[in-house]
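The values are calculated or read from the model by the stated rules, or taken from the named source; none is laboratory data. Remember, it's a predicted structure, so these values are computed and weren't measured experimentally. All Cβ positions, glycine included, derive from the backbone under ideal geometry; neighbour counts span all protein chains shown.
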Amino acid sequence: MVSEVVSLLMRQGIGAIQMECPEFSLYGNPRPPRSREEYDTPEFKGKCREIAIQACERMEALMEGGGDLEIEVRAILGFEGSPSCGVERTTRTINGERQRIPRRGHLIEALQRELRRRGMEVPFLGVSLRGEEGREALRRLEAIIED
């Protein structure tokens, strides 16, 4: 599904900027899978806040510094099920099992707060690697791009 998203953006002449991953930045790779509540620490939330501020500063700089080019931020994509980047669903441990629940990940929540604080409106879109979920996300991305 990732290659389909990249191909769509390339066909439309749209660039993408990948944000820093708070999980990788703090805990490296490989790391054991963790749920949202396992990342619910001041250190992790602070890292998410830091990344959100940097991302918003970068978006503002791109939009203001485009010169003759009109640069706009069309969407922020997150990875569904991620404890950091889930847009509609994140992972929670219930009775020792990881389950997807309807809630945003820590980084997406921090981004929402920072965007709101700056008066910026950017739609969020969750991308999934799972069959029909992934195809639906691709259709929604196409609609955002063509809007």
Answer residue from the range 7-19, given it is surrounded by fewer than 12 Cβ atoms within 10 Å (Cβ to Cβ) and hydrophobic (A, V, I, L, M, F, W, C) and is farthest from R140 (Cα to Cα) among those: I17
Odd one out for R74, checked against (1) in contact with a strand residue (DSSP E or B) (Cβ under 7 Å, 6 or more places away or on another chain); (2) touching a residue at least 40 places away in the same chain (Cβ under 8 Å): (1)
Index of the failed condition, R58 passing every other in (1) in contact with an Asp or Glu (Cβ under 7 Å, 6 or more places away or on another chain); (2) within 20 Å of L125 (Cβ to Cβ); (3) part of a helix (DSSP H, G or I): (1)
Residues of the range 20-55 classified as loosely packed, with under 13 Cβ neighbours inside 10 Å and in a loop (DSSP other than H, G, I, E, B), total: 8
Filter pass, I17 being β-branched (V, I, T) and either in contact with a strand residue (DSSP E or B) (Cβ under 6 Å, 6 or more places away or on another chain) or not in a helix (DSSP H, G or I) (or both): yes
Sole residue being under 23 Å from G46 (Cα atoms), within 10 Å of the chain's Cα centre (by Cα) and modelled with pLDDT of 95 or more, chosen from G78, G126, G105: G105
G119 vs. criteria at pLDDT 95 or above, out of contact with any Cys (no Cβ under 7 Å at 6 or more places or on another chain) and either more than 20 Å from R36 (Cα to Cα) or exposed (fewer than 13 other Cβ atoms within 10 Å of the Cβ) (or both): yes
Failed condition for L111, given (1) loosely packed, with under 12 Cβ neighbours inside 10 Å; (2) at pLDDT 95 or above: (1)
Pairs, first without any contact (Cβ under 8 Å) to a residue 12 or more places away in the chain and more than 30 Å from E57 (Cα to Cα) in the range 91-115, second part of a strand (DSSP E or B) and among the basic types (K, R), C-beta under 7 Å, six or more apart: Q99/R92
Complete set of residues in the range 66-84 that are exposed (fewer than 13 other Cβ atoms within 10 Å of the Cβ) and either touching a helix residue (DSSP H, G or I) at 6+ places or on another chain (Cβ under 6 Å) or more than 19 Å from G13 (Cβ to Cβ) (or both): none
Residue in the range 4-25 that is more than 27 Å from E132 (Cα to Cα) and among the aliphatic types (A, V, I, L, M) present: no
Unique match (being of a type in the set (G, A, S), without any contact (Cβ under 8 Å) to a residue 24 or more places away in the chain and under 24 Å from I145 (Cα atoms)) among G13, G46: G13
